[in-house]
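Chemist: The structure follows.
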Amino acid sequence: MSQREVMSDARGFSVAAPVAIEHARDRLVEVCGNFALTPHDKSDHITGAIECRRVGQFNAAVVASRVRSIWRDDAMVRRDPARNLFLIYLESGRSLIRQGDTENLMQPGSFHLVDSAFPSQFSYFDEVTRKV
């Protein structure tokens, strides 16, 4: 399955495309708060698309990416102290979410609740994923 097939659908989300890692990081912070990302290789580009959508009364971030990890450490939590809960829905791909002593392997269709007040790490396999 090509990246275009994985990431493009009738709902009109952006297709994951090559983007400079600095631009992806800036957009991730703008949409989700203080997070960082690590690419799979030493490249200065990743495959990704990050959007914010309104879904009823909620703001929804759609993060399509092919990265090694997205993470938030103690220093990031202190710089961005807003207390938010993120209900993560994994639409495609696989990921491992770690927060505190909790670790959850997510498959398409999985949900996981993350508290922004604590460090977290989202690890990905070498594939494009889409999270809402």
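The values are calculated or read from the model by the stated rules, or taken from the named source; none is laboratory data. None of the values given here were measured: they were computed from a predicted structure. Don't worry about glycine lacking a Cβ; one is built from the backbone with ideal geometry, like all the others, and counts go over all protein chains shown. Note: accessible area is taken over every heavy atom of the protein model, side chains too, but ligands, DNA and RNA are not part of it. Shrake-Rupley method; radii C 1.70, N 1.55, O 1.52, S 1.80 Å.
Chemist: Quick check on this structure: which one of VAL19, VAL62 is touching a helix residue (DSSP H, G or I) at 6+ places or on another chain (Cβ under 9 Å), of a type in the set (A, V, I, L, M) and open to solvent by 30 Å² or more (accessible area, probe 1.4 Å)? Give the steps one after another, and end with the answer.
Modeler: Numbers: VAL62 fails: open to solvent by 30 Å² or more (accessible area, probe 1.4 Å).
None of the other options fit; the residue is VAL19.
Chemist: I'd like the full set of residues that are within 24 Å of ASP41 (Cα to Cα) and either under 13 Å from the mean Cα position of the chain (by Cα) or of a type in the set (Asp, Glu) (or both), limited to region 110-124.
Modeler: Kept after step one, since they are within 24 Å of ASP41 (Cα to Cα), are these residues of region 110-124: 119-124.
Within region 110-124, SER120, GLN121, PHE122, SER123, TYR124 qualify.
Let's see how each residue does on (1) in contact with a Ser or Thr (Cβ under 8 Å, 6 or more places away or on another chain); (2) outside any helix (DSSP H, G or I):
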| residue | (1), (2) |
| --- | --- |
| HIS23 | no, no |
| GLU30 | no, no |
| ASN34 | no, yes |
| LEU37 | yes, yes |
| HIS40 | no, yes |
| ILE46 | yes, yes |
| CYS52 | no, yes |
| ALA60 | no, yes |
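For every residue, the table says whether it meets (1) surrounded by 19 or more Cβ atoms within 10 Å (Cβ to Cβ); (2) out of contact with any His (no Cβ under 7 Å at 6 or more places or on another chain).
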site	(1), (2)
LEU28	yes, yes
LEU37	yes, yes
THR47	yes, yes
SER69	no, yes
MET76	no, yes
ARG98	no, yes
MET106	yes, no
PHE111	no, yes
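Chemist: For residues that are more than 14 Å from the chain's Cα centre (by Cα) and not aliphatic (A, V, I, L, M), tally how many sit in region 88-106.
Modeler: The total comes to 6.
Chemist: When region 80-96 is examined, which residues are found to be surrounded by fewer than 12 Cβ atoms within 10 Å (Cβ to Cβ) and either touching a residue at least 40 places away in the same chain (Cβ under 8 Å) or of a type in the set (A, V, I, L, M, F, W, C) (or both)?
Modeler: So the first thing to find is which residues in region 80-96 are surrounded by fewer than 12 Cβ atoms within 10 Å (Cβ to Cβ), and the list is 81-83, 85, 87.
Across region 80-96, the qualifying residues are ALA82, LEU85, LEU87.
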